[in-house]
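Trainee: Below is a structure I'd like to ask you about.
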Amino acid sequence: MNTYPNKVELVEVGPRDGFQSIKEFIPTELKKEIIDRLVDAGCTTVQVTSFVHPKAIPQMQDAREVAQYVLEKYPGLRAYALVPNLRGAQNAYEAGLREISYVISVSPGHNMANVRRTLDESFAELGTILSTYPDMKVVLDAATTFGCPFDGEATLQQVMDYVQRAYDLGIRDIDLCDTIGVAAPVQVERTVLALREKFPDVTFGVHIHDTRNMGMACSLVAMQCGLTRVSTTVGGLGGCPFAPGASGNTASEDFVYMAQKMGIDTGVDFEKLLDTAKYLREKVPGNYSGHQINIQKPQCTMG
Ligand code: COA
Ligand code: ZN
C-alpha cells in the first residue's frame, strides 16, 4: 500500500516560470496583484521573479521592484528568485533576497542554450556564489533532469553524477525539473528512489511541465516516493523560452485539488487559487495547462 505525506510544501513558481513564457510585458502592478492573490490564497513559498539578463527575458526586467515589494509586504513569506549566474545572485542579494534558486541543466545542450555556459562553468560559478554569499540559501534547479530537447534523456548515472557535484559543493536542496514535460511516472519513481537512497540528507522537490498531461501523475509518484515539495504554477502557465517544445506547468489549482481530496495539507485554498487562475487567464493570454472548471456545490432544494 502506498503512503503519502500528510503535508506538502507547494512552491508557486507562476510569477517566474509562468510569466517568463509571456512575450508581451505584464505590467508590474499586475504581477504584484497576482502575487497578492496567491498569498491571500495561502501560498507560503513563492518564486517571485528571476534575475536574468533583461535581453534574455525582457519580461523579468522589473525583478528588483517585484522582489522588494514582496519582501516589504510579506516578511514571513518564503520568497525567492531564480538566477542563472553570479551577476544574478548579486542583483538578488542587493534587492534584499536571501534565498535563490540557481539553475544548471543536467544536459550540457540545454545549459548552453539557457545560460550560455558549460556545466563546468555553471558549477564553478555556483561555488563562487556559495562562498561570496554564505548567508544566502540556495536551492538548485536541476533543469532537464528527465529529458532535454537537444541531448535527449539523461541516464540515471548522469543525474547521480550531477547531484554528486552539487552535493560536494554543499547543496542540500534540489528541485528535479522536467523542463519540457517528457517524464513518465516510472522514470520519476526510479530517479527519486535512487537519489533519496544515495543522498538521504538532501531535500528534493519536483517541478514537472505538463506537455502530455503527466504533471499530476509524476507529482503523485514523487510524493509516493517520499517527496514533500512540489513546484507548480497558477493556471498551469509556463514554459522555458530556451527549450523548444516546453509547455505549461502542472497547474497549482489542480494539484491543490488532488492534495485536498487525498487529505494532504498544502495550506492553500482551492477556490481562491482557482479564482486567481481564472483572473490571470482573463488578463494575460498564454499557454495554460490547468483546468478551469468550477464545479458548483449542489444546491439542496428539499427543504
Ligand atoms: N542580470 C543582468 N545582467 C546580466 C546578468 C544578469 N543575471 N548576467 C550577465 N549580465 C550582463 C553582464 O553584466 C554583461 O553586461 P555588459 O556587457 O554590460 O558588461 C552582459 O550581461 C554579458 O554577461 P555574460 O556573463 O557574458 O552573460 P551572457 O551574455 O553569457 O548571458 C545569461 C548569460 C545567463 C545572463 C543569460 O543567458 C540569461 O539571463 N539567461 C536567462 C535564462 C533563463 O532565465 N531561462 C529560463 C529559466 S530556466
Ligand atoms: Zn519550469
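Trainee: Please go through (1) assigned to a helix (DSSP H, G or I); (2) open to solvent by less than 10 Å² (accessible area, probe 1.4 Å); (3) more than 22 Å from Y80 (Cβ to Cβ); (4) without any contact (Cβ under 8 Å) to a residue 40 or more places away in the chain for R196 and return the number of the only condition it doesn't satisfy.
Mentor: Condition (2) is where R196 drops out.
Trainee: Within the stretch 110-124, track down each residue that is touching a strand residue (DSSP E or B) at 6+ places or on another chain (Cβ under 6 Å) and more than 16 Å from ligand 2 (Cβ to nearest atom).
Mentor: Within the stretch 110-124, S122 is the sole residue that qualifies.
Trainee: Could I ask something else about it? Return the residues of the stretch 199-215 that are of a type in the set (A, V, I, L, M, F, W, C), open to solvent by 10 Å² or more (accessible area, probe 1.4 Å) and more than 16 Å from ligand 2 (Cβ to nearest atom); say none if nothing qualifies.
Mentor: V202
Trainee: Right, something else. Just to verify a result, which residue in the stretch 216-258, among those that are within 12 Å of ligand 2 (Cβ to nearest atom) and part of a strand (DSSP E or B), is surrounded by the fewest Cβ atoms within 10 Å (Cβ to Cβ)?
Mentor: First pass over the stretch 216-258, keeping only residues within 12 Å of ligand 2 (Cβ to nearest atom): 231-233, 236-243, 246-250.
Applying the additional criterion that residues be part of a strand (DSSP E or B) yields 231-233, 249.
Details: S231: 29, T232: 33, T233: 34, N249: 33.
Among those residues, the one meeting the criterion is S231.
Trainee: Could you grab me the full set of residues in the stretch 51-75 that are more than 28 Å from R116 (Cβ to Cβ), in contact (Cβ under 8 Å) with a residue 12 or more places away in the chain and part of a loop (DSSP other than H, G, I, E, B)?
Mentor: Residue satisfying the conditions is Y74 alone.
Trainee: Sort out which residues of the stretch 76-102 are open to solvent by 10 Å² or more (accessible area, probe 1.4 Å), part of a strand (DSSP E or B) and closer than 20 Å to D168 by Cα, and write them in order of number.
Mentor: E99, the sole residue that qualifies.
Trainee: Taking the stretch 205-245, which residues are farther than 16 Å from C148 by Cβ, within 16 Å of ligand 1 (Cβ to nearest atom) and either at pLDDT below 95 or charged (D, E, K, R) (or both)?
Mentor: Of everything in the stretch 205-245, just one residue is farther than 16 Å from C148 by Cβ, within 16 Å of ligand 1 (Cβ to nearest atom) and either at pLDDT below 95 or charged (D, E, K, R) (or both), namely G238.
Trainee: If you go through the stretch 149-187, how many residues are under 17 Å from the mean Cα position of the chain (by Cα), more than 11 Å from H207 (Cβ to Cβ) and either free of Cβ contacts under 8 Å to residues at least 24 places away in the same chain or within 16 Å of ligand 2 (Cβ to nearest atom) (or both)?
Mentor: Matching residues across the stretch 149-187 total 2.
Trainee: For the subset of the stretch 33-59 comprising residues that are open to solvent by less than 10 Å² (accessible area, probe 1.4 Å) and within 22 Å of I129 (Cβ to Cβ), which member is farthest from ligand 1 (Cβ to nearest atom)?
Mentor: First pass over the stretch 33-59, keeping only residues open to solvent by less than 10 Å² (accessible area, probe 1.4 Å): 34-35, 38, 41, 43, 45-50, 59.
Still in the list and also within 22 Å of I129 (Cβ to Cβ): 45-50.
Working: T45: 18, V46: 16, Q47: 10, V48: 14, T49: 10, S50: 5 Å.
Filtering the stretch 33-59 for residues that are open to solvent by less than 10 Å² (accessible area, probe 1.4 Å) and within 22 Å of I129 (Cβ to Cβ), the one farthest from ligand 1 (Cβ to nearest atom) comes out as T45.
The values are calculated or read from the model by the stated rules, or taken from the named source; none is laboratory data. The structure displayed is predicted, hence computed values, not measured ones. All Cβ positions, glycine included, derive from the backbone under ideal geometry; neighbour counts span all protein chains shown. Please note that ligands, DNA and RNA were not included when accessible areas were found on the heavy atoms of the full protein model with its side chains. Shrake-Rupley method; radii C 1.70, N 1.55, O 1.52, S 1.80 Å.
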